[in-house]
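Just so it is clear, none of the values below were taken in a lab; they were calculated from the coordinates. The shown structure was predicted, so the numbers you read here are calculated from the model rather than taken from an experiment. A quick note on method: Cβ atoms are made from the backbone with ideal geometry, for glycine too, and the neighbour counts reach across all protein chains shown.
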Amino acid sequence: MRRTGGLRLLSAVAVMTAAASATACGGSAARSDDGHARRTAAGVRTSPSATPTPTPDPVAALVRRMSTAEKVGQLFIPTVQGTTAATGAAMIAKYHPGGVIYFPNNLRTAHQTATLSNGLQRAAQKDGGVPLLIGTDEEQGIVSRLPYITHFPTNKALASTRDPDDDVRTAARVTGEELRAVGINQDFAPVADVNVNPRNPVIGVRSFGADPKEVAHLVGVAIDAYRATGVVATAKHFPGHGDTATDSHTGLPVIKHSMATWERLDAPPFKTAIAHHVDMIMTAHIVVPGLDDSGDPATMSKTVLTGLLRDKLGYDGVVVTDSLSMAGARMKYGAPEAAVRAVRAGADMLLMPPSLDGAYRAVLSAVRSGRIPQSRLDQAVTRILRMKQDRGILRSPYVDASRASDIVGSAEHRAAARRVAAHVRAGR
């Protein structure tokens, strides 16, 4: 598929970002302290009343230059095959996705993963393409994808120590630093669900606990730590997957919380995540009749994603679906239609459709027919690109593969993990 704009796409971002920085730093100030006209550094005489030229928004310029097909590609986060970039590069050239997600079959060593990440980023930027969001589910504890990472206990265990703030912060900081070292710039963590159902088969110890205030506080601590490492954090699973006995991987859970119960129990961690400027919020494939009586999963509910998350809670970051391969996403409408409905509802990124080609074609067709308005597509792509710009992904997507093994599993990181593990043992 031909790219429009070629290398101008990202060169425009670089040039305009540099111009914005120069303006912000005052490099082109045209007035002396006494208000009289003076010469700028370029020697051009200016008037005290001269109006400065507005700095163009590089993200808006990039969105305008992209074709509809390229924009649709930015919505997708598929899996990649293998441990080298060759297979992934072919997929990227065809669909130009906004991101990819790693699983253990992609990951062997720190150096290999960093090399894979750099190779995929090169493929994404060929002919002026956009750098990738490269993510994984590295929650630590029972959900850990990197076989070589410095390991930490579950969130439930971290929350049980005498100083949970410090232990949660340490675990997120070390995890973020090691992910970033191997080119993973996004983590599908932390879990923001309040686990109040002891029969919950899918959340359990992945949650910080059953107390909404405590969970909310520790979610904020974790988000701040991830962001400090430069890694995109993702609070999940909105509007709250903590009170269910059904696993949305294999079924479609129904949570019978009223709006008042949701406000008291499920909402606090997501409100805190938003207050801490979380980059992404992941949807849940659950039905909550108290929030939306249509019977649609939250992932496909405009009432939940736009009315509740956007309008009521005021979130304007990226909304990403949970995996569209899960049964909870496919049961009502089927996978391609689920992707279309998720975008219409307010989701910006679509994770792991069972058929990338089928979902991509369905969304592209919906845009071209007007079923997904062009304005909705542009809104989603703008959020994605702005997040990539804010986290430095557009500017610097590569990592130094030669240093990855020095950072992952470093003596300092191993010592931190031993200290946290000792706190967990003492806290039990």
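Given the peptides 181-188, 267-274, arrange them by the average over their residues of other C-beta atoms within 10 Å, most packed first. Could the numbers behind the result be given before it?
Values: 181-188: 26.9, 267-274: 23.0.
With the highest mean Cβ count within 10 Å placed first, the list reads 181-188, 267-274.
Treat every Asp and Glu Cβ in segment 191-284 as -1 and every Lys and Arg Cβ as +1, leave all other atoms uncharged, and give the resulting dipole magnitude about the Cα centre to the nearest 20 debye.
Details: 8 positive and 9 negative charges, 10 e Å.
For segment 191-284, the charge dipole is close to 40 debye.
Using alpha-carbon pairs under 8 Å, 6+ residues apart, how would you state the relative contact order of the chain in percent? Working shown, then result.
Working: 867 pairs, mean separation 72.3, N = 428.
About 17 percent, as a whole number.
Taking the simple approach of a point 7 Å from Cα along Cα-to-Cβ for both Arg310 and Asn197, what is their distance in nm?
In this crude label model, Arg310 to Asn197 measures out at 2.8 nm.
Over all distinct Cα pairs, what is the inverse of the mean 1/r for segment 336-417, reported as the Kirkwood hydrodynamic radius in Å? It would help to have the intermediate numbers written out before the result.
Values: mean 1/r = 0.0640 Å⁻¹.
Computed over segment 336-417, the radius equals 15.6 Å.
Test of understanding: what is the full-extension gain from Asp400 to Ser294, defined as 0.36 nm times their sequence separation minus their Cα-Cα distance? Provide the component values of the computation, followed by the final result.
Numbers: separation 106, 0.36 × 106 = 38.16 nm, distance 4.94 nm.
Between Asp400 and Ser294, full extension yields 33.2 nm more.
Could you check the simple spin-label distance between Asp378 and Ala421, using points 7 Å along Cα→Cβ, in nm with one decimal?
For Asp378 paired with Ala421, the spin-label model returns 5.4 nm.
Please count, across the chain, the pairs of lysine residues with Cα atoms under 14 Å apart that sit 8 or more places apart or on different chains.
Here the count comes out as 6.
Let's test this: bin the Cα-Cα distances of the chain at 20 Å from zero up to the farthest pair and state each bin's percent.
Percent of pairs per bin, in order: 26, 54, 18, 2.
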